[in-house]
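First the structure, in the form of structure tokens, and then the observations on it.
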Amino acid sequence: MMIQERFRGLLTALLLVTLPATNAWATHRSEAEKAIQDAKEAHALAESAGVASPETAEMIQKAEGLMPSRQFTKAQETAMNAMKQDLFAFEQSKGGQVDQTKDAAAQEAIGAAEAARKKAASVNGEWRDTAQFIKEAEDLAKSGDFDAAIALADKARRQGEMGYEQALRERGATFPSYVTKQK
């Protein structure tokens, strides 16, 4: 009994030391609410410059819609993406310079990813996350984060290529007899 209590105490101490004192893996309601408020302010700023996008307004509405279901992390992420896009559009309207080379490289990478996704889909080999990665890459490019957009588009392109190859390799594959139902 004494050993079990010591073990339990040691385990508790170990968990307290190894786990962070904060809930860093989850977003608190107040953090999501702050992100939504910041996104609304950025959208108002973009509207005042005449560069607000209906897409970012929809993103803010989506973030607000996630709050009742307690999806605070997703709401915060969505609101922050909207805010980044609106702030980038505002900066551009005030004469900010876009790195045309990086922008073109991001658009090229996104186009290549979409082509690879379509090729994989043509043989029923599209992987689950490929289209979502492409959408996220487009959003990153819209907010001026061209390097991250290129990286994510490259990941989506590789998934499309591998999905296509996998579908071709497995085209004539059959299940072994021990997997199929026998009568």
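Restricting Gly144, Gly172, Gly163 to those that are more than 30 Å from Ala89 (Cβ to Cβ), among the small types (Gly, Ala, Ser) and surrounded by 14 or more Cβ atoms within 10 Å (Cβ to Cβ) reduces the list to Gly163. Across the range 50-59, which residue is most open to solvent (accessible area, probe 1.4 Å) among those that are assigned to a helix (DSSP H, G or I) and either touching a Cys at 6+ places or on another chain (Cβ under 8 Å) or not charged (D, E, K, R) (or both)? Top of the filtered list is Pro54. Scanning the range 41-49 finds no residues that are open to solvent by 50 Å² or more (accessible area, probe 1.4 Å), within 19 Å of the chain's Cα centre (by Cα) and aliphatic (A, V, I, L, M).
Quick one: count up the residues across the range 128-183 that are of a type outside the set (Val, Ile, Thr) and not in a loop (DSSP other than H, G, I, E, B). Explain how you work it out, then say what you get.
The first filter runs over the range 128-183 and keeps only residues of a type outside the set (Val, Ile, Thr), leaving 128-129, 131-133, 135-149, 151-173, 175-178, 181-183.
Checking the rest, the ones that are also not in a loop (DSSP other than H, G, I, E, B) come to 131-133, 135-142, 146-149, 151-169.
Residues meeting the conditions: 34.
Can you work out which of the residues in the range 97-119 that are touching a helix residue (DSSP H, G or I) at 6+ places or on another chain (Cβ under 8 Å) and under 14 Å from Ser143 (Cα atoms) is surrounded by the most Cβ atoms within 10 Å (Cβ to Cβ)? Filtering first and then ranking leaves Ala106.
The values are calculated or read from the model by the stated rules, or taken from the named source; none is laboratory data. Quantities reported herein were computed from a predicted structural model and do not represent experimental measurements. FYI the Cβ positions are ideal-geometry reconstructions off the backbone, even for glycines, and counts take in every protein chain you see. Protein only, heavy atoms only, side chains kept; ligands, DNA and RNA dropped before computing areas. Shrake-Rupley method; radii C 1.70, N 1.55, O 1.52, S 1.80 Å.
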